[in-house]
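Below is one structure; the comments refer to it alone.
Laboratory data are not the source of any read-out in this text; all were calculated from the coordinates shown. Just so we're clear, the structure is a prediction, and the values are computed from it rather than from any experiment. A quick note on method: Cβ atoms are made from the backbone with ideal geometry, for glycine too, and the neighbour counts reach across all protein chains shown.
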Amino acid sequence: MIPKAFAYERAHSVAEAVDLLQQAGGAAKLLAGGHSLLPLMKLRLSAPAKLIDISRLDELRGVSVVGERLFVGALTTHHQVATHPLVCQHLPVLAEAAAQIGDPQVRNRGTVGGNLAHADAASDLPAVALALEAQLHVQSPAGDEVFAAEDFFLGPLVTALPEYGVLRAVSFALPPSGARSCYSKFPHPASGYAVVGVAAVVAVGARGTVEFARVAVTGAADVPYRARAVEAVLLGQPPQPEVLRAAAGHAADDGAIAGDAFASEAYRRHLCAVMTERALRRACGLADAAAGA
Amino acid sequence: MEAGKVRVSLEVNGKAYTAEVEPRLLLVHLLRDQLGLTGTHIGCDTSQCGACTVLLDGQAVKSCTVLAVQADGGRVTTVEGLASPEGLHPVQIGFWEKHGLQCGFCTPGVIMTAVGLLQDNPRPTEEEIRTALEGVLCRCTGYQNIVRAVQYAASQMAEADERREVAAAETE
């Protein structure tokens, strides 16, 4: 399969990429790792007149901790995220999710920024971005803008990224010390995308009750969402199996759960509860529940 | 240069190439159709099966999902670049010895994926080998002999390393 012909230009800075996007007037797309865009172009589902290659911009690469946030440059690959010492130390749930994207070859090319800007409704990273209260740092003709992850994902393949904007980096909030986390995914057997994927971050306080809970779900709805109903049940409760199960029962409450050819709405609702319970149990250091749970 | 074409220079199996390509040309088509390196196969053409896997700057990538222009300035290794005048690459020997193939269609991609794994992780566990092979599909072998082939290659490469270390120690 061959993409439709397009013009190609390499940007030498983010500012130049913004200019080139503007000059193309909406007919251009940015090319980073190309692992979301090129498959669509090969299927001719996307046919931009021009690709602006930003993949050589070193200013968009790298991982760092600044204050209470961990920054990941947009061009950082999934493999780099999954293996980076700072990510493994501070945000193991991010490394855990990145290691489940696609396969090793895909993780060698696919980038964090490309993944989030593409906004596939079944992608793994958006769940982690929501659970870690990520901010997306964008450069556009209007200047620098920051979007909360919760305001960024608007629908399948639709984001709040402004026209002619370049996603520079994403930063994740470091959870309170002592918090534990888990990304639990039920992958589609052929594509590997999440039929349902759940990211959970839980901190238990000195009194033995949950003091901090962030839960987010991908794959189940037309857009990934924060499962606030789950969080509300957990807060102030001891992390006992029955509490976690009761909380997980609300995992579908905050999303517009959708059925498709792969999984019915009812099945996805069921999976939301099962995968959320698994994520919560692992985040709370409990063994997996018996089969059927 | 023809309008709209882009000049790319890359090193393939140690040899420098320059070509003028349409931006939409895929790396796998550059390798197969322009450089005649047909050892890299096109299977699914949708970045799933991994038959087109090559090393780009030392990393296993699916060349059906990389534009030739993205590989500009890069270093590509295909299955043709593995053997040396001294003989086959240990991973190729492993596939031979352990019969890690049947029809052979996926084999170049599987071998390149395994070479990429052993570069990063010379002593992988069986589970690590199976995880590393997640991005290659084989419809013949059930993967059992592929895993054995990679294990064989890893042990042969480890023994060769030890022999080199002993020889280096003896010459000191």
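Annotations for the structure displayed:
- Placed amide H near A:V195: partners under 5 Å, 5+ positions off or other chain: A:F186, A:H188
- Net charge of neighbours whose Cβ lies under 12 Å from the Cβ of A:A97, counting Lys and Arg as +1 and Asp and Glu as -1: 0
- Phi angles across the stretch A:151-168 convert, under the Karplus curve 6.51 cos²θ - 1.76 cosθ + 1.60 with θ = phi - 60°, into 3J(HN,Hα) values of 9, 8, 8, 9, x, x, 6, 10, 10, 8, 3, x, 4, 6, x, 10, 6, 8 Hz, Gly and Pro given as x.
- Cβ-defined net charge surrounding B:A168, 14 Å radius [Lys, Arg +1; Asp, Glu -1]: -3
- When you filter the trypsin sites (Lys or Arg not before Pro) in the stretch A:200-293 for DSSP loop state and at most 13 other Cβ atoms inside 10 Å of their Cβ, you are left with A:R207.
- 5 angstrom amide H check on A:T76, placed H, neighbours 5+ away: A:G62, A:V112, A:G113
- B:I129 sits among other residues whose Cβ lies under 14 Å from its own Cβ, and their net charge, with Lys and Arg +1 and Asp and Glu -1, is -2.
- Selection from A:S264, A:A5, A:G192, by position along the positive dipole direction of chain A (Cβ): A:G192
- Note on A:K4: lysines with a C-alpha under 23 Å away, same-chain residues under 8 apart excluded, are A:K29, A:K42, A:K50, B:K5, B:K62.
- Sites matching GluC sites (Glu not before Pro) across the stretch A:29-125 that sit in DSSP coil, with at most 12 neighbouring C-beta atoms within 10 Å: A:E68
- Computed about its Cα centre, the charge dipole of the stretch B:6-81 is approximately 60 debye, with only Lys, Arg, Asp and Glu carrying charge at their Cβ.
- Base-10 log of normalised Debye intensity for the protein assembly as shown (one unit scatterer per alpha-carbon) at q = 0.07, 0.09, 0.14 Å⁻¹: -0.39, -0.65, -1.34
- Dipole magnitude for chain B: computed about the Cα centre from +1 point charges on Lys and Arg Cβ and -1 point charges on Asp and Glu Cβ, it is near 580 debye.
- For the stretch A:97-175, the list of GluC sites (Glu not before Pro) that fall in a loop by DSSP and count at most 16 other C-beta atoms within 10 angstrom reads A:E163.
- Computed magnitude of the charge dipole of the protein assembly as shown (debye, nearest 20; Cβ of K, R +1, Cβ of D, E -1): 720
- Mean separation of Cα contacts under 8 Å (6+ apart) over length of chain A, as relative contact order %: 14
- Which of A:D124, B:D45, B:D120 has the fewest Cβ neighbours within 10 Å, and the rest in rising order: B:D120, B:D45, A:D124
- Take every pair of alpha-carbon atoms less than 8 Å apart whose residues are at least six positions apart; their mean separation over the length of the stretch B:1-41 yields a relative contact order of 29 percent.
- Dipole of the protein assembly as shown computed with +1 at Lys/Arg Cβ and -1 at Asp/Glu Cβ about the Cα centre; of A:A82, A:G113, A:T218, farthest Cα towards the positive end is A:T218.
- Principal-axis tilt of helix B:107-120 within chain B, Cα atoms, nearest 10 degrees: 70
- From phi via Karplus (6.51, -1.76, 1.60), per-residue ³J(HN,Hα) for the stretch B:16-22 in Hz, x at Gly/Pro: 7, 10, 10, 9, 9, 10, 5
- Rounded to whole numbers, the Karplus 3J(HN,Hα) couplings from phi for the stretch A:139-150 are 10, 9, x, 7, x, 8, 10, 10, 10, 6, 3, 5 Hz, using 6.51 cos²θ - 1.76 cosθ + 1.60 with θ = phi - 60°, and x at Gly and Pro.
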